[in-house]
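The values are calculated or read from the model by the stated rules, or taken from the named source; none is laboratory data. Worth saying up front: this structure is predicted, and the values here are computed from it rather than measured. For neighbour counting, all protein chains shown are included, and Cβ atoms are generated from backbone atoms with ideal geometry for every residue, glycine included. The accessibility values were calculated without ligands, DNA or RNA, using every heavy atom of the protein model including side chains. Shrake-Rupley method; radii C 1.70, N 1.55, O 1.52, S 1.80 Å.
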Amino acid sequence: MKTLIFFTFSLHLSSAVTHSLQYFITAFTPGTNFPEFTDVGLLDGHQFGYYDSERREVKKMEWIHSDDPDHWNRITQIAKEHQDLYKALVITQMQHFNQTTGVHTVQLMFGCELQDDGTVRGYNQFGYDGEDFISYDLTTLTWTAAKPQAVMTKNKRDNNPGNNKVWKNFLEFECIDWLKQYMSHGKETLERKDPPTVSVFQKHSPSPEVVCHATGFFPKAVMISWRKDGEDVHEDVDLRETLPNQDGSFQKRSILKVPAEELQKHTYTCVIQHSSLEKELVLEVPKGGGSMAIIIGVVVALIVLVVLSAIVAGIMVWKKKNSGFKRAPASEESSSTNS
């Protein structure tokens, strides 16, 4: 089983078979320190465009552009139209929940995926105040209500088949066309491989634990695991979410709760697996108490590629009870085109 898991993950790391284009829209009630409307575009999890109600223009990253000189002007115009729409939608949602005051948010998450074999996936989900509200099913061209207050919205959208077909066309065709175009111009940035810099250190409060922190790596997929005397450890492990750095790379940490006496009796190691490494990186937890950092940088074996930098900004995305988004069943791009 250990070998199977390692092989499966290593295969996933070594072959980037899926590319994605995502958009995150957030609208606030007035009176906060945040812009009332933001629209963020991500390509393979990498921010390439940003719009908010204060700047009122799309800011695109230097590494991405379009063959169409008017493309970004149209994107800016679409964002402005969305701004008015979703600011009004916040008020509508407050009425659904019988709310008259307070700070509230409407969030939209939509996008598409393209695998190397031509398989296409699309999704479209709405959230309100950090929780799921309604989602679109590409197979049935209908909507699913996540809350009783969403049933009215679901019925209204289901009774508008024309708009539902517009969404289907966008997610399965137009979104995919944009994804291919952006990928062709951002290839050097998106297909680079940067190795992680890793540190292992002990923390003694409020309870004894060991932290393994990896940062500066790209692409996003990484695996951090623990071993005790060479055997895998799965209990008392807190694997945190992968987070973006400002330079376009990523960071991730894993925390192992282990009594100090256990650290003295046994050898604990942190194991890092990433596509930029020719073999797994193993760091031993220092003994003797106190804090000690082991930094691994240029000495690791690399797969040499051109390295470019990009900017990643934080996005406000609601946390789902079950991780990940609901995807529509895959469809073959070729067959979809002919339908």
| task | Sort the stretch 37-184 into rounded, prolate or oblate with this rule: let a ≥ b ≥ c be the square roots of the eigenvalues of the Cα gyration tensor; rounded if a/c is under 1.5, and if a/c is not under 1.5, prolate when a/b is larger than b/c, oblate otherwise. | result | oblate
| remark: Subtracting the Cα-Cα distance of Thr119 and Lys265 from 0.36 nm times their residue separation yields 47.5 nm
| said: Tell me the carbon and sulfur percent of the accessible area for the stretch 60-210, rounded to whole percent, probe radius 1.4 Å. | reply: 51 percent
| query | What is the spin-label model distance, in nm, from Phe34 to His204 if the labels are put 7 Å beyond Cα along the C-beta direction? | reply | 4.0 nm
| Protection-proxy order for peptides 171-182, 155-166, each taking the mean of Cβ atoms within 10 Å per residue, highest first | 171-182, 155-166
| Per-residue HN-Hα couplings for the stretch 232-241, Karplus 6.51 cos²θ - 1.76 cosθ + 1.60 at θ = phi - 60°, whole Hz, x for Gly and Pro? | 5, 10, 10, 7, 6, 10, 10, 8, 7, 5
| said: Keeping all protein chains in place and using 1.4 angstrom, which order do Lys87, Lys220, Lys265 fall into by accessible surface area, from largest down? | reply: Lys265, Lys220, Lys87
| task | Could you calculate the contour length gain from Arg55 to His71, that is, 0.36 nm times the residue separation minus the distance between their Cα atoms, to one decimal place in nm? | result | 3.9 nm
| remark: Here, Lys180 and Lys156, labelled 7 Å along Cα→Cβ, have an inter-label distance in nm of 3.6 nm
| message | Please list, by residue number, every one of the GluC sites (Glu not before Pro) in the stretch 181-244 that is coil in DSSP and has at most 13 other beta-carbon atoms within 10 Å. | response | Glu235, Glu241
| request: Just check the stretch 142-194 against the gyration tensor rule for me: Cα atoms, a ≥ b ≥ c as the square roots of the eigenvalues, rounded for a/c under 1.5, and otherwise prolate or oblate depending on whether a/b exceeds b/c. | output: oblate
| request: Pop a pseudo-label 7 angstrom from the Cα along the beta-carbon direction at both Asn169 and Gln95 and give the gap in nm to one decimal. | output: 2.9 nm
| With r defined as the distance between the Cβ atoms of Lys187 and Asp84 and R0 fixed at 41 Å, what FRET efficiency is calculated, to the nearest 0.05? | 0.70
| message | If you count only protein heavy atoms and use a 1.4 Å probe, how large is the accessible surface of Ser20, to the nearest 10 Å²? | response | 20 Å²
| query | Ordering Met109, Met152, Met223 from largest to smallest accessible area (1.4 angstrom probe), what's the sequence? | reply | Met152, Met223, Met109
| query | For the stretch 170-268, what does the alpha-carbon gyration tensor say about shape, rounded, prolate or oblate, given a ≥ b ≥ c as the root eigenvalues, a/c under 1.5 as rounded, and a/b over b/c as prolate? | reply | prolate
| field | Per residue accessible area of the stretch 148-275, 1.4 Å probe, in Å² | value | 50 Å²
